[in-house]
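Here is the structure we will look at.
The values are calculated or read from the model by the stated rules, or taken from the named source; none is laboratory data. On a predicted model such as this, the values are computed, not experimentally measured, just so you know. Please note: Cβ atoms are built from the backbone with ideal geometry, for glycine as well, and neighbour counts cover all protein chains shown.
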Amino acid sequence: MKSLVPNLRLLFSSILVLGLLYFLFPEAHAGGIPYPAPGGIPGASLSSGGTPQGAVVAFAVLLQRVADGAAALAASVAILFMVINGAHLTFAFGNSEALGKARKGLIWASAGLVLIIFAYIVTKSVIALTYSGADGSAVIGTGNLAPTTTTPGEIDPINGSFTVGDDGVTYLSTGERTVSFYQQGAERIFDIYVPAGLEASKTHPVVMMFHGGEGDVDRAKTLSEFSTVANSEKFIAVYPISGDRPWNDGRSTTASAIDDVSYVNGVITTLVNDWQADPNNVFAAGVSSGGMMTQRLACETASNFKAMASVVANLPLNLQNNCAATGGINLMLFAGTEDPFMPYEGGEVTSSDTLGLGAGGHVISYPDTTDFWAAKNQCGNAVLTDLPDSANDDTTVQSLVYDVCVLGNLETFKITGGGHNWPGSSGNSALTGNTSRDVDATTEIIDFFKRNGLTSA
């Protein structure tokens, strides 16, 4: 009976340690692999939400928590054994028999801890593979939960994507919010704006806006005003977010293990699964690094987009040499001849470590960029038009429209005197140069998208 006392004390201590871990580190038991609770919604529980998909998610989260709890308990026991035997080693000096037992106990405890960690990794990997999509993205999220029954005016408690109006019709939940999903084992996010009146029974077009290299998504929203336009054109405005870094846009200086092309594919998948997006009606625009990112997407996943636009962004040299585009893409381009960051004539993109601006890298010239995409689209002659010089902004604008293209439409704008700015936006800057108001990029881009299939349901 006396021999059971130390073991009982050890078990009791392990339970206390586990309890402390549970309450001190709630994030350790709230998700798991690293997936969040269902839908990533604060306060989400193991409730299935009344749907088969929700039951699957609830079971997966339960498995995660069981694995977390079992591993924490077992590891606590092993660590306590290591501490106890380590203490025995310290106090058994001179007693060879006691030292031998202590060493043996320490070795077994250490080996047990290693095995526990290994088993935990294997178990969580099995759960991850079992509850993941074919592209490696987690299925534990809003995209795999069907809407629950709601009353008029109430937002769906599981995925928040739908609301029932006073007329009894189910609509997409309106307004702006941040959506998350998991890609490459890490959480990625994007912002979404849904205008009023989009019925959940129909699919809807998507217009993406990729921010510049400094990662300011709010600035991209302000420049493009796509959310405002969405209210009248009835599309879902989406703002992908790279994080605190430029996009992995094809330049050698921005290359990393982070797969932004896969991320964009994940954004589209999430929109289709959760927000009734039409996968055949997706458009994208980008500025600066975001513009180069759209051109990389045009090289690698052009079939995912109906049309794209790139503003103040030449083609990176690496993309010119490695672009796999073969099917063409409807594309609109803008560039300023006096851009202090993106060299109109090609060369190194301006960067400053002191100011924390830019990532450098080599780009080809804007005329060569235009010629590159004209060749990809198998375009013939182009019509050059001088736009009216209606604003006193020290800029003039020429449009170049290719009237015969076999694989995709191509329209470009050359802004003489223009800087590194979104044409049509307000304000000039000594840092970025002149902003032309002889052409409005937002208007031109949306009209171009409409000419190439942007329609509301």
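Things worth noting here:
- When Thr350, Thr369, Thr385 are screened for being out of contact with any Phe, Trp or Tyr (no Cβ under 7 Å at 6 or more places or on another chain) and free of Cβ contacts under 8 Å to residues at least 24 places away in the same chain, only Thr385 passes.
- Count of the stretch 266-294 residues which are farther than 27 Å from Ala196 by Cβ and either touching an Asp or Glu at 6+ places or on another chain (Cβ under 7 Å) or without any contact (Cβ under 8 Å) to a residue 60 or more places away in the chain (or both): 3
- Looking only at the stretch 221-261, and only at residues there that are surrounded by 18 or more Cβ atoms within 10 Å (Cβ to Cβ) and polar (S, T, N, Q), the one that is nearest to Val206 (Cα to Cα): Ser227
- Count of the stretch 272-299 residues which are crowded, with 24+ Cβ neighbours inside 10 Å and part of a helix (DSSP H, G or I): 11
Table: residues versus (1) in contact with a Ser or Thr (Cβ under 9 Å, 6 or more places away or on another chain); (2) modelled with pLDDT of 95 or more; (3) not hydroxyl-bearing (Ser, Thr, Tyr).
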{"residue": "Gln183", "(1), (2), (3)": "yes, no, yes"}
{"residue": "Pro195", "(1), (2), (3)": "yes, yes, yes"}
{"residue": "His204", "(1), (2), (3)": "yes, yes, yes"}
{"residue": "His211", "(1), (2), (3)": "yes, yes, yes"}
{"residue": "Gly215", "(1), (2), (3)": "yes, no, yes"}
{"residue": "Ser224", "(1), (2), (3)": "yes, yes, no"}
{"residue": "Ser227", "(1), (2), (3)": "no, yes, no"}
{"residue": "Asn231", "(1), (2), (3)": "no, yes, yes"}
{"residue": "Phe235", "(1), (2), (3)": "yes, yes, yes"}
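- Residues that are in a loop (DSSP other than H, G, I, E, B) and at pLDDT 90 or above, drawn from the stretch 143-176: Val169, Ser173, Thr174
- Qualifying residue in the stretch 318-325 (condition: in contact (Cβ under 8 Å) with a residue 12 or more places away in the chain, within 25 Å of Asp244 (Cβ to Cβ) and assigned to a helix (DSSP H, G or I)): yes
- Restricting the stretch 418-438 to residues that are surrounded by fewer than 22 Cβ atoms within 10 Å (Cβ to Cβ) and under 29 Å from Asn281 (Cβ atoms), the residue that is modelled with the highest pLDDT: Gly424
- Filtered by the rule that a residue be touching a Ser or Thr at 6+ places or on another chain (Cβ under 8 Å) and assigned to a loop (DSSP other than H, G, I, E, B), the stretch 300-315 gives Val312, Ala313, Asn314, Leu315.
- Some residue of the stretch 303-316 being within 16 Å of the chain's Cα centre (by Cα), within 22 Å of Leu331 (Cα to Cα) and crowded, with 24+ Cβ neighbours inside 10 Å: no
- Some residue of the stretch 350-357 being part of a loop (DSSP other than H, G, I, E, B) and over 31 Å from the mean Cα position of the chain (by Cα): no
- Verdict on Ile268 being within 14 Å of the chain's Cα centre (by Cα), within 22 Å of Gln295 (Cβ to Cβ), assigned by TED's automatic domain parsing to the domain that holds Asn321 and in a helix (DSSP H, G or I): yes
- Taking the criterion of being of a type in the set (Ser, Thr, Tyr) and either closer than 22 Å to Ser303 by Cα or over 31 Å from the mean Cα position of the chain (by Cα) (or both), the residues of the stretch 359-410 that qualify are Thr369, Thr370, Thr385, Ser390, Thr395, Thr396, Ser399, Tyr402.
- Considering the stretch 324-339, and only residues there that are at pLDDT below 95 and surrounded by fewer than 21 Cβ atoms within 10 Å (Cβ to Cβ), the residue that is nearest to Thr395 (Cα to Cα) turns out to be Gly328.
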